Amino acid sequence: MAQAPLFRLQCGVNSYEWGKKGSESAAARYAAATPSDDLTIQADKPYAELWMGTHPSNPSRDLQTGRTLLDLCSQHQGLLSEPVSAKYGAKLPFLFKVLSVNKALSIQAHPNKKLAEQLHARDPKNYPDDNHKPEMAIAITPFEGLCGFRPLGEVAHFLETVKPLRTLVGEDEAAQFIQAAKDEGGDEAPKKKALQKAFGGLMSSSADEVEKEINNLVALAKSEGADFAAGGVPSTKGDVLVELVTRLHGQYGSDIGIFVLFFLNFVTLQPGEALFLVADDIHAYVSGDIIECMAASDNVVRAGLTPKFKDVSTLVDMLTYNYAPIDEQKMNPTEYPYATLNRTAYSSGSEVMLYDPPIEEFSVVRTLLHGEGAKATFDPLEGPSIVICTNGKGTIAVGDAKHEIEEGHVYFVGSTAELILESAVGKEEDFTTFKAFCEI
Ligand SMILES: NNC(=O)[C@@H](O)[C@H](O)[C@H](O)COP(=O)(O)O
Ligand SMILES: [Zn+2]
């Protein structure tokens, strides 16, 4: 029997410690928006991630039949399209998530394909996939994160002005780094080497050294206030650093990850803003709700700010040591050219925006339909999509099939289906959806 190309998904939510509690968590609210026998939201339990896709660690299911999406795609490969199923088999090329972050996530990076295969072969328990995991984050609420190494001059500034940091890095390593960072000319390779040496020096500190220096750091931050770190740097002022050191210390105690703050860009995203992280890029999300899309993998190499398995030497060895101002990491969405807005949508400032990272496995479209009757019609795609509504309500239609969709509802849309989204909100309200898709 042919499989309808539009069906509602029941998606699982996981309870990592850093998730927002109870219904404060968007991941929990969205999971609870779909009937499920085994989910009752508990007020004091953290709910971190809603997973939408075929990944076996938390497989999404067809709401009507209870069959896993992987099972359906295995039986009906047309849902994925011939090119996608030829290359990726029955597994979706992407994993689509909603994260609700209450406490900082681990200092982490995701291995490239080659390293992922090696780690998976060596330690399948901690590295469940043999695939890379480049990822994109799109803010649903205001979001804070640590992403990529700072411009070297900023790291040099902190090594010069924050004594506990310099002590852990090592006076010689710090001096060599500052020298390399200040050398205006010269190629990148020796600078990246100096950065790796300084970062590696920090990350090889003993627990006792960290305990001692974290107390000095917190005391210094408290006593110096806005003058902390000589007032900080343009991208992260002294008072912001004081608040972050205090907050992370409150969350994780004497954790080396707090010192990593001085090496990484601290970025805030407003709703709709996005960033993209290539494999081997260091990061740690700090707060807020995001849509996240990634290649289908759950490989995380961690080195701090976490009770989970840490693999510090692998992290220090694997990083790209790219360094750049945060604006170079942000992604700029563009108007999606394959959707048509009706007059109501057009006149009410609705928008269909494409977030298109430089990889094959996924892109994401954010559709914001403002006011009653605003409609967007999407050209057929040769590939699979997953749609989630994050605000308001409306209808989702493919061919003759038309369903109501509201906040938290998730739908799978099979290949070459012409998709129509129409809002059913008040004239001053928004109906917002995100659609992850792969087309090769
Ligand atoms: N940057 N975001 C991600 O990579 C998410 O998709 C991961 O699932 C989380 O980072 C996992 O974080 P923990 O290992 O619990 O610290
Ligand atoms: Zn990550």
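Nothing in this text is a laboratory measurement; each read-out follows from the coordinates by a stated rule. Quick caveat: nothing in here was measured; it's all calculated off a predicted structure. Methodologically, a virtual Cβ is constructed for each residue, glycine included, from the backbone with ideal geometry; neighbour enumeration extends over all protein chains shown.
Mind checking which lysines have their Cα closer than 16 Å to the Cα of K45? Skip sequence neighbours fewer than 8 apart in that chain.
The qualifying lysines are K20, K21, K103.
Each residue of region 310-325 in turn: what ³J(HN,Hα) in whole Hz from Karplus with 6.51, -1.76, 1.60 and θ = phi - 60°, glycine and Pro shown as x?
Per-residue couplings from phi come out as 10, 9, 4, 5, 5, 4, 4, 6, 8, 5, 6, 6, 5, 9, 5, x Hz.
Once region 250-312 is represented by equal point scatterers at the alpha-carbon sites, with solvent omitted, what log10 I(q)/I(0) does the Debye formula produce at q = 0.21, 0.25 Å⁻¹?
-1.15, -1.44
For H249, H132, which order do you get if you count the other beta carbons within 10 Å of each Cβ and list the fewest first?
H249, H132
Please report the spacing between the Cα centers of region 153-230 and region 1-76 in Å, no decimals.
Taking the Cα centre of region 1-76 as reference, the centre of region 153-230 is 43 Å away.
For a 21 Å ceiling on Cα separation, which of these pairs sit above it: K91/K393; K192/K222; K237/K308; K87/K133; K212/K237?
K91/K393; K192/K222; K237/K308; K212/K237
Just how far, in whole angstrom, is region 367-440 from region 300-330 if you go by their alpha carbon centroids?
Here the two parts' Cα centres lie 35 Å apart.
Hydropathy at least -1.0 by Kyte-Doolittle, axial extent at least 20 angstrom from the Cα trace: which helices of the chain, defined as entire DSSP H runs, fit?
188-203, 207-224, 238-252
Can you tell me how much longer the chain between N332 and N215 gets when fully stretched, taken as 0.36 nm per residue apart minus their C-alpha distance, in nm with one decimal?
38.1 nm
Would you grab the residues whose amide H sits under 5 Å from the one on K20? Only those 5+ places off in sequence or on another chain, please, with H modelled 1.01 Å from N.
When sequence neighbours closer than 5 places are left aside, the close amide H contacts are Y47, S100, V101, N102.
Quick check: pseudo-label points 7 Å beyond the Cα along Cα→Cβ at Q75 and E360, how many nm apart are they?
Simple spin-label model gives 2.9 nm for this pair.
Test of understanding: ordering F309, F177, F158 by Cβ neighbours within 10 Å, fewest first, what list do you get?
Ranked by crowding around the Cβ, least crowded first: F309, F158, F177.
Under 18 Å Cα to Cα from K114, which aspartates and glutamates show up? Leave out anything in the same chain fewer than 8 places away.
Once the sequence-local aspartates and glutamates are set aside, what remains near K114 is D123, D129, D130, E135, D280, D281, D298, D311, D317, E360, E361.
Using amide H atoms built 1.01 Å from N in the peptide plane, name the residues 5+ places from G12, or on other chains, whose amide H lies under 5 Å from its own.
W51
Rounded to the nearest 500, what is the chain's calculated 222 nm mean residue ellipticity when only DSSP H runs of at least 4 contribute -39500 (n - 2.57) each, over all residues?
One gets -8000 deg cm²/dmol as the mean residue ellipticity at 222 nm.
In µm²/s, what is D for the chain at 37 °C and 0.692 mPa s, where D = kT/(6 pi eta Rh) by Stokes-Einstein and Rh is the Kirkwood radius from Cα pairs?
144 µm²/s
Sequence-distant or interchain residues sharing an amide H contact under 5 Å with E135, placed H: which?
For E135, whose amide H was placed from the backbone, the distant partners under 5 Å are L277.
In which sequence would K310, K125 go, from the one with the fewest C-beta neighbours within 10 Å to the one with the most?
Least crowded to most crowded, the residues run K125, K310.
Using θ = phi - 60° and the Karplus form 6.51 cos²θ - 1.76 cosθ + 1.60, what ³J(HN,Hα) does each residue of region 292-297 get, whole Hz, x for Gly and Pro?
10, 9, 8, 4, 6, 6
For region 235-341, what value does the Rg/Rh ratio take when both radii are computed over Cα atoms and Rh is the Kirkwood radius, given to two decimals?
0.99
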